[in-house]
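Taking it in order: structure first as structure tokens, then the write-up.
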Amino acid sequence: MAMAMAVVFVASSATGVRGQLTMGFYDQSCPGVERLIGSFVRQHVDRVPTVAAALLRLHFHDCFVRGCDASVLLNSTAAGVAEKDAPPNLTLRGFDFVERVKTLVEEACPGVVSCADVLALAARDAVTAIGGPSWRVPTGRRDGTVSNMQEALDELPKPSMSFKQLKDLFATKGLGVRDLVWLSGAHTIGIAHCSSFADRLYGFRSAGAGNNTTDPTLDAAYATNLRSRKCRSPDGGNAEDAAVEMDPGSHLTFDLGYYRSLLKHRCLLQSDAALLTDPVAKADVEGIAGGPDEVFFQLFARSMATLSTVQVKTGADGEIRRNCAVVNSPSN
Ligand code: HEM
């Protein structure tokens, strides 16, 4: 069957190098691999829906540091500490799951399909499997061979960032303000640990509000509830750092709950609340929150398609890692 080979050109914002991805890149070299990944992910997500949030965040954190090259999956070595061990990545989940998918793929086609493509496809398929949108994932990404903790610290957004800081950071990846608003909708699923937002509940400093208060942009009743039931102390809560649903009541459902809670000032992260501090972003949030779901789905899918092509390595760049956690040895 003649296969349409739509070629997607991607400008790399940092290097100016143009990468080339293709729809169905593995059609000849590993036929059926996308179906294999899709059905494995669907089966698993049906049983363990929380895996969708894990994969989506993993993919995002991968793409923001050295592009979507699976550098987030590499282990630290004697030569250096990897992205994975940077504080913002210590709450990432799903590494084992990606490795399971990769093992399956290696059994079918050894040394052909990159970890970066496995992650990009699995994240898309997992979001679709929990009832979220789908988006086109052209393939042909190559895996990077470098993973550096400091780069993760420098390149990943922090929950304490202001709108301007977020906007500037996203711009370095070729993503605009609207992408920032649309992609933040990912927080309609998943969890955050108390330590990620405890500074909004205890000892919050803001101009005019002084010290040792609750973030005034957080709904007071919601903040009281978080302090008394979930996160009981400034260091993140109870003995263990409790996990709180990002979108209370529907953290397993891809829906408008995040944007609607945001407008009620019931979002966990300061970076979420920051979206309301910019008139353009706020108007966008209000527009999306008004529904229907399909509009959010389309916008989110559009931005995910862009995110998944940020600074990709293609052609002779990088390698096809056999094990996603370690670079191939020179003899491979
Ligand atoms: C705009 C800047 C962003 C910041 C500052 C941010 C920060 C965070 C933080 C602090 C958490 C909680 C981690 C924890 O305590 O366990 C989180 C969770 C999450 N983030 Fe973001 N994020 C941002 C954007 C995004 C984007 C663009 C995506 C995907 C497209 C995304 C997907 C997720 C998901 C799915 C979770 C839940 C993970 C889980 O359940 O394990 N985030 N984010």
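The values are calculated or read from the model by the stated rules, or taken from the named source; none is laboratory data. Predicted model only: the values in this text are computed from it and were never measured. Methodologically, a virtual Cβ is constructed for each residue, glycine included, from the backbone with ideal geometry; neighbour enumeration extends over all protein chains shown. Note: areas computed on protein heavy atoms with side chains; ligands, DNA, RNA excluded. Shrake-Rupley method; radii C 1.70, N 1.55, O 1.52, S 1.80 Å.
Could you please find all residues in segment 180-215 being modelled with pLDDT under 95, open to solvent by less than 70 Å² (accessible area, probe 1.4 Å), assigned to a loop (DSSP other than H, G, I, E, B) and aliphatic (A, V, I, L, M)?
Across segment 180-215, the qualifying residue is only Ala209.
Can you say whether Thr77 is of a type in the set (S, T, N, Q), within 16 Å of the ligand (Cβ to nearest atom) and at pLDDT 95 or above, as far as the supplied structure shows?
It is false that Thr77 is of a type in the set (S, T, N, Q), within 16 Å of the ligand (Cβ to nearest atom) and at pLDDT 95 or above.
For segment 289-308, indicate whether the set of residues that are free of Cβ contacts under 8 Å to residues at least 24 places away in the same chain and among the acidic types (Asp, Glu) is non-empty.
yes
Within the group Leu218, Leu169, Leu175, which residue is in the same structural domain as Leu269 (by TED's automatic domain parsing), within 23 Å of Leu56 (Cβ to Cβ) and surrounded by 20 or more Cβ atoms within 10 Å (Cβ to Cβ)? Can you show your working first?
Working: Leu218 fails: within 23 Å of Leu56 (Cβ to Cβ); Leu169 fails: surrounded by 20 or more Cβ atoms within 10 Å (Cβ to Cβ).
Among Leu218, Leu169, Leu175, only Leu175 is in the same structural domain as Leu269 (by TED's automatic domain parsing), within 23 Å of Leu56 (Cβ to Cβ) and surrounded by 20 or more Cβ atoms within 10 Å (Cβ to Cβ).
Out of the residues in segment 1-37 that are at pLDDT 50 or above, surrounded by 13 or more Cβ atoms within 10 Å (Cβ to Cβ) and polar (S, T, N, Q), which is nearest to Cys109 (Cα to Cα)?
Of everything passing the filter in segment 1-37, Thr22 is nearest to Cys109 (Cα to Cα).
Scan segment 128-153 for residues that are closer than 27 Å to Ala82 by Cβ and within 14 Å of the ligand (Cβ to nearest atom) and report the count.
Count: 3.
Select from segment 38-74 the residues that are within 16 Å of the ligand (Cβ to nearest atom) and open to solvent by 40 Å² or more (accessible area, probe 1.4 Å) and write down the one among them that is nearest to Phe95 (Cα to Cα).
It comes out as Arg57.
Identify the residue in segment 87-98 that is within 13 Å of the ligand (Cβ to nearest atom) and either of a type in the set (A, V, I, L, M) or closer than 19 Å to Thr50 by Cβ (or both) and, among all such residues, is surrounded by the fewest Cβ atoms within 10 Å (Cβ to Cβ).
Leu90
Taking only segment 289-306 into account, find how many residues are within 22 Å of Ser114 (Cβ to Cβ) and either open to solvent by 60 Å² or more (accessible area, probe 1.4 Å) or in contact with a Lys or Arg (Cβ under 8 Å, 6 or more places away or on another chain) (or both).
2
I'm trying to understand the selection: among the residues of segment 122-140, which are more than 15 Å from Leu73 (Cα to Cα) and in a helix (DSSP H, G or I)? It would help to see each step written out before you state the result.
Step one: list which residues in segment 122-140 are more than 15 Å from Leu73 (Cα to Cα), which gives 124-140.
If the condition is that a residue be more than 15 Å from Leu73 (Cα to Cα) and in a helix (DSSP H, G or I), then Arg124, Asp125, Ala126, Val127, Thr128, Ala129 are the ones that fit.
Assuming Leu166 fulfils every condition listed in (1) within 30 Å of Val112 (Cα to Cα); (2) in contact with a Pro (Cβ under 8 Å, 6 or more places away or on another chain) apart from one, which condition is it?
Checking Leu166 against (1) within 30 Å of Val112 (Cα to Cα); (2) in contact with a Pro (Cβ under 8 Å, 6 or more places away or on another chain), the one that fails is (1).
Only one of Ser228, Ser250 is modelled with pLDDT under 95, of a type in the set (S, T, N, Q) and more than 18 Å from Leu183 (Cα to Cα); which?
On the way: Ser250 fails: more than 18 Å from Leu183 (Cα to Cα).
None of the other options fit; the residue is Ser228.
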